[in-house]
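The values are calculated or read from the model by the stated rules, or taken from the named source; none is laboratory data. What you are looking at is a predicted structure, and each value in this text was computed from that prediction instead of being measured. We place every Cβ from the backbone using ideal geometry, glycine too, and count neighbours over all the protein chains shown.
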Amino acid sequence: MIRRAFYVLVLALFTTCAAGQDIRLTPVDEGSSDPTWPRFKSRLLAALEQRDQRYVLSIVDRGIRNYSGTDGVAEFRKLWEPQSSGSPLWVELRKLLFLGGVFVKSEKGNSEFCLPYVYYRWPDKDTLDEAAAVIAKETLMKAAPSANAGTLQTLSYDLVAVIDWEVDDADKTSAQKWVKLKTRQSHGYVPEEHIRSPLEYRACFAKNGAGWRMTALEVGE
């Protein structure tokens, strides 16, 4: 069902592009509307850089929504192992904080600041599978997975169809990963850090007095 709906979206996307209209998901960041958010974000980024599990756990809501489907701090600790300096938490949460977010209503009716915008502003939640958004301005789509390859076109915040999420660089000594994608014009490659699926990790934060608490760190639909 989702896969079929995705191809309907891709067909509509290419038809729209043929008419001269590009479909883009422009970045948005509503966090700046609350002066306490930038300060909190800066402090949390510093804690992530320092692998400061004490601070991170101090801002985790006791009912945090986890990607396992089981809520709570105990499950969060089990999933993320913040006591380990090698925990993916330090990388994944940091990535999210550098992407814009929006204010949304939670199931309980309270306001949360959730990121990234890619998931929360996706045009059709029935078409999440296999599609992605370019999250960079004027990223170069290459003919091969290499910075030295020819440039096929320039993409800025475009919605695209993904063929392969993880392609090694043509130079075997390079650690750069690429994503193979399809646009109306051609197939090509962009650096993996320039594109994001709406099904990747997302986080939500709620105002708690003068501070903030992390109320969700989820993945998928």
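Checked against the criterion of being at pLDDT below 95 and on the phi < 0 side of the Ramachandran plot, the candidates D71, D129 yield just one match: D129. Applying the condition of being polar (S, T, N, Q) and surrounded by 14 or more Cβ atoms within 10 Å (Cβ to Cβ) to segment 32-76 and asking which residue is farthest from M214 (Cα to Cα) yields Q53.
Residue selection: S32 satisfies the criterion of being of a type outside the set (V, I, T) and outside any loop (DSSP other than H, G, I, E, B). Residue check: is Y67 hydroxyl-bearing (S, T, Y) and touching a strand residue (DSSP E or B) at 6+ places or on another chain (Cβ under 6 Å)? Criteria met by Y67. Looking across segment 170-182, just one residue is in a loop (DSSP other than H, G, I, E, B) and either in contact with an Asp or Glu (Cβ under 7 Å, 6 or more places away or on another chain) or outside the structural domain of D158 (by TED's automatic domain parsing) (or both), and that is Q176.
Screening the candidates E193, E221 for the property of being under 28 Å from V60 (Cβ atoms), out of contact with any Pro (no Cβ under 8 Å at 6 or more places or on another chain), surrounded by 13 or more Cβ atoms within 10 Å (Cβ to Cβ) and of a type in the set (D, E, K, R) yields one hit, E193.
The residues of segment 165-185 that are free of Cβ contacts under 8 Å to residues at least 40 places away in the same chain and touching a Leu at 6+ places or on another chain (Cβ under 9 Å) amount to a single one, Q185. Does V179 meet the test of being more than 30 Å from G72 (Cα to Cα) and crowded, with 17+ Cβ neighbours inside 10 Å? Answer is yes for this residue. On the stretch given as segment 201-211, residues that are modelled with pLDDT of 95 or more and either farther than 16 Å from P35 by Cβ or surrounded by fewer than 22 Cβ atoms within 10 Å (Cβ to Cβ) (or both) total 5.
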